[in-house]
Amino acid sequence: MKQRINAKGKNLIGERLKLLRKDAGLSQRDLAARLQLIGIDMDKNVITRIETNQRYVTDFELQALKDIFQVSYDYLIDGVEESVKATLPR
């Protein structure tokens, strides 16, 4: 198992989340709205805190982000690109 001793902040996905969101052409507010539609109570401020590694990400949130961006858990957590599809219908 890979150790994450160089991890900074409170999560491992902040930079990748920001990249995925921008590649999909979504604002933080747009992403929050999509998450709320599937039952994840998150607003723009929460997304900002995740992207800047100031907030932990729950397992439910991780699953929702994986589904929205159609990426694997491995990509979100470790940056391993298997099937990154950051284009979303608008």
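The values are calculated or read from the model by the stated rules, or taken from the named source; none is laboratory data. Because the structure is a prediction, the values reported are computed rather than measured. Glycine also receives a Cβ, built like all others from the backbone with ideal geometry; neighbour counts cover every protein chain displayed.
Inside the stretch 22-63, residues that are free of Cβ contacts under 8 Å to residues at least 12 places away in the same chain and either part of a helix (DSSP H, G or I) or closer than 16 Å to G79 by Cα (or both) make up a count of 9. Could you go through the stretch 26-37 and let me know if any residue there is exposed (fewer than 12 other Cβ atoms within 10 Å of the Cβ) and modelled with pLDDT under 95. Scanning the stretch 26-37 turns up no residue that is exposed (fewer than 12 other Cβ atoms within 10 Å of the Cβ) and modelled with pLDDT under 95.
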